[in-house]
Amino acid sequence: MSRTEFIATGFHVPERVVTNDDLARMMDTSDEWIVQRSGIKTRHWVSEGETGVTLARQAALQALAKAGMKPGELDCIVYCTCTPDHFEPGNGVFLQRELGVRDIPALDVRNQCSGFIYGLSVADAWIKSGQYRRVLLVGAEVHSRGLDKTTRGRDTAVLFGDGAGAVILGPTDEDSRGILSTHLYADGRHAEKLWVDAPGLAHDPYISEELLAQGKHRAVMEGKEVFKYASVLMPQSVATALKANGLTPADITLLVPHQANLRIIEMVQKSVGLRDDQVYANIEKYGNTTAASIPIALHEALCEGRLKRGDVLVLTAFGSGFTWASAAVRW
Ligand code: COA
């Protein structure tokens, strides 16, 4: 059976850069507070006319160009987002249309910050089974339009940003490289610790003035709980990935963790026992872009020459659900 390899990557973030000082003009916060707690200095926000799908399209076109492929050569689209343009249909079909492709399947993955690794796991299984050969896997988010940009929402509003990352995956016959493993986890007992309650069909009517007035359409988070679980479960998922492949922390060339918070990334690094050069972080520039954060970070790491043939790449993510996941890749 063949393995799945990364053929190319791409990413796109909106042009508009929002600094911590910009946020301090909208709500009671400060650059010092944000940098100290999260490591974030800037994030990108969409402007009029931009949507998750327009960001995803740019990222996908960049990855396709790098792969030397035309959209028509794709067999399947997997689109990971927790901030879809519309309630239904999912963003996958809109991206398919934007790429000028028809008939190929477009799957939407709704697993928040773990979405990219969940999507990767599905794409990997399809490719290994021979069902699809060329899969476009996208993580794209527009958080800025959903954030409560007043002091009431400051604990989450300062953390999230917009952006898209894309990868093209395909089969390789070389046993020695490609995706070695994926491990996915969820624990629904914590579903309300980071969630957006409405609009949702648990409510009747599913959207109302009352729900809006209560701020139920905003992401709410028990930050300390998220921090506590992420700092334990992300390292655990890395340990599982290593053990499954007979690897040790010293074998990791690069860990690309979901970029939720620099403090969490530092905890993961310490807990796994990695040097600075083994861990990639770019949260400073983009904030938390949920499903987009890993493909954006991976793309930038590749552009900086941080991975070469034969290197071991490990991905790990944690987020709302709670869901968490890891993947090990021989580059
Ligand atoms: N600016 C200034 N002050 C803020 C603030 C902001 N943006 N957000 C919250 N505060 C205030 C709080 O109101 C609180 O004030 P009080 O002590 O007067 O009540 C104080 O800062 C401390 O808040 P607290 O919630 O205890 O801070 P914290 O140390 O837990 O840090 C997070 C908050 C959100 C940065 C932290 O919990 C965290 O990083 N959690 C994980 C978040 C995450 O990564 N989510 C995505 C996962 S995928």
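The values are calculated or read from the model by the stated rules, or taken from the named source; none is laboratory data. Just so we're clear, the structure is a prediction, and the values are computed from it rather than from any experiment. With ideal geometry, Cβ positions are generated from the backbone for all residues, glycine too; neighbour counts draw on all protein chains shown. Accessible surface is based on the protein model in full, side chains and every heavy atom, while ligands, DNA and RNA are left aside. Shrake-Rupley method; radii C 1.70, N 1.55, O 1.52, S 1.80 Å.
One table, with the values for the structure above:
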read-out: MET267 - accessible surface, heavy atoms, 1.4 Å probe, Å² rounded to 10; value: 90
read-out: Rounded accessible area of THR9 (nearest 10 Å², 1.4 Å probe); value: 10
read-out: Sequence-distant residues sharing a close amide H with GLY163 (under 5 Å, placed H); value: GLU141, HIS143
read-out: Whole-number percent relative contact order across the chain, with pairs defined as alpha carbons under 8 Å at least 6 apart; value: 26
read-out: Ranked by how many other beta carbons lie within 10 Å on average, peptides 315-324, 152-161 from highest; value: 315-324, 152-161
read-out: Candidates GLN259, GLN131, GLN62: whichever shows maximal mean-square fluctuation once the chain is modelled as a Gaussian network with Cα springs under 10 Å; value: GLN131
read-out: 20 Å Cα-Cα threshold exceeded, pairs from LYS41/LYS149; LYS41/LYS193; LYS193/LYS216; LYS128/LYS308; value: LYS41/LYS193; LYS128/LYS308
read-out: Range of Cα positions in the range 3-172 per principal axis (Å), largest first; value: 53, 30, 27
